[in-house]
Amino acid sequence: MQSEQIDQVKFDSAGLIPAIVQDVVNGEMLVMVVMNRGEVVKAMSKGKVDTYSRSRGRLALKGESSGHFQHVKEFRTDCDRDVALFKVEQVVAACHEGYRSCFFRQYDSAGREWKTVAKKAFDPDAVYKK
C-alpha cells in the first residue's frame, strides 16, 4: 500500500479506525472491528485481516485459531476517510459463535429476546476445543 494513500486515512486520536468487513461476493456484512494503522497496512500487504483481539489482549490474525481466514480483495474508505471497508473472501465463517456473520441477531419488537436469524456454519466448541 502506498504510504501517501494510507496517510490520507483518518485514524482517531487513539490511532484507530472502525473497519467493516464485508463478503465480496454477496455483500453480507461479516464483522465490524477497530484497526490501527499497522493492522490496515498489514492486512493490505498480507492480504488477510489482522486485528486487535480484546479477548486475547493482542494482535490476532482473523482465522488463526479456526482456519476461517478473511482474504482481502478490496479496501475502501468512506467519504470522510474515517471508516474502513474491507471486502473479503470469507473462509467458512467470521463469527466466533459459529455463524457466518457476527450480525445474526435481529430486534424483535413483539418479543423480549433478540431473534436469531441465521444458522450456524460450524460448531465453535469443536473448532476452538473449549
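Selection of the stretch 92-110 for residues being assigned to a loop (DSSP other than H, G, I, E, B) and open to solvent by less than 40 Å² (accessible area, probe 1.4 Å) yields ALA93, ALA94, CYS95, GLY98, SER101, PHE104. Can you tell me which residue is farthest from GLN5 (Cα to Cα) among those in the stretch 78-91 that are hydrophobic (A, V, I, L, M, F, W, C) and surrounded by 14 or more Cβ atoms within 10 Å (Cβ to Cβ)? Checking each candidate, the answer is VAL91.
Listed here are the residues, each with its yes/no results for (1) under 22 Å from ASP12 (Cβ atoms); (2) without any contact (Cβ under 8 Å) to a residue 12 or more places away in the chain; (3) touching a Leu at 6+ places or on another chain (Cβ under 6 Å).
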{"residue": "VAL49", "(1), (2), (3)": "yes, no, no"}
{"residue": "ALA60", "(1), (2), (3)": "yes, yes, no"}
{"residue": "CYS79", "(1), (2), (3)": "yes, yes, no"}
{"residue": "VAL91", "(1), (2), (3)": "no, no, no"}
{"residue": "CYS95", "(1), (2), (3)": "no, no, no"}
{"residue": "PHE103", "(1), (2), (3)": "no, no, no"}
{"residue": "ASP125", "(1), (2), (3)": "no, yes, no"}
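A single entry from ALA126, ALA110, ALA118, ALA94 fulfils the requirement of being under 17 Å from the mean Cα position of the chain (by Cα) and not hydroxyl-bearing (Ser, Thr, Tyr): ALA94. Among the numbered conditions (1) surrounded by 14 or more Cβ atoms within 10 Å (Cβ to Cβ); (2) touching a residue at least 24 places away in the same chain (Cβ under 8 Å); (3) part of a loop (DSSP other than H, G, I, E, B), the only one that ALA118 does not meet is (2). Is it true that some residue in the stretch 20-35 is in contact with a Gly (Cβ under 8 Å, 6 or more places away or on another chain) and aliphatic (A, V, I, L, M)? For the stretch 20-35, residues in contact with a Gly (Cβ under 8 Å, 6 or more places away or on another chain) and aliphatic (A, V, I, L, M): absent. Take the conditions in a loop (DSSP other than H, G, I, E, B), open to solvent by 20 Å² or more (accessible area, probe 1.4 Å), at pLDDT 95 or above and in contact with an Asp or Glu (Cβ under 9 Å, 6 or more places away or on another chain) and apply them to VAL72. Does it pass? So VAL72 fails the test. Being modelled with pLDDT under 95 and among the basic types (Lys, Arg) is the filter here; which residues of the stretch 108-124 pass it? Across the stretch 108-124, the qualifying residue is only ARG112.
The values are calculated or read from the model by the stated rules, or taken from the named source; none is laboratory data. Source: prediction; values computed, not measured. Heads up, the Cβs are rebuilt from the backbone with ideal geometry, glycines too, and the neighbour counts pull from every protein chain shown. Each accessible area value is taken on the protein alone, full model and side chains, heavy atoms only, with ligands, DNA and RNA left out. Shrake-Rupley method; radii C 1.70, N 1.55, O 1.52, S 1.80 Å.
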